[in-house]
1. Tell me the mean residue ellipticity at 222 nm calculated for the chain from its helices only (DSSP H runs of n ≥ 4, each -39500 (n - 2.57), averaged over every residue, nearest 500).
2. Sort 67, 8, 32 so that the residue with the fewest other Cβ atoms within 10 Å of its own Cβ comes first and the one with the most comes last.
3. Within the chain, what percent of beta bridges assigned by DSSP are antiparallel, to the nearest 5?
4. Quickly rank 34-44, 9-19 as a protection proxy: mean count of other C-beta atoms within 10 Å, highest first.
5. Give me the base-10 log of I(q)/I(0) for the chain at each q in 0.11, 0.17, 0.21 Å⁻¹, Debye formula, one uniform scatterer per Cα, rounded to two decimals.
């Protein structure tokens, strides 16, 4: 059985950390391969997040669909 990919993008803010703890860690690891990406530390991946449809973080890209969770920071803010 192959797993779908889930990528949780965040910037380390309190909203993002809470979403990671409540959402990303709640995904069934037998169904989803979960990757956590801190865009503040991995700025080179901002373009990847944009290509996936992420407009703000925290956001979860689940099996190719983007879900925005609350609002911590826009990607424009992360670009500096």
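1. The helix contribution divided over the chain gives -6000 deg cm²/dmol.
2. Working: 67 14, 8 24, 32 17.
The most exposed by this proxy come first: 67, 32, 8.
3. Details: 10 of 17 bridges.
Within the chain, antiparallel bridges account for around 60 percent of the total.
4. Taking the mean over residues of other Cβ atoms within 10 Å, the ranking is 9-19, 34-44.
5. For the chain at q = 0.11, 0.17, 0.21 Å⁻¹, log10 I(q)/I(0) is -0.24, -0.57, -0.87.
Taken together, the values in this text are just the output of simple stated rules run on the coordinates, not laboratory data. Nothing here was measured: the structure is a model prediction, and the numbers come from that model. So basically every Cβ, Gly included, is an ideal-geometry build from the backbone, and we count neighbours across all protein chains shown.
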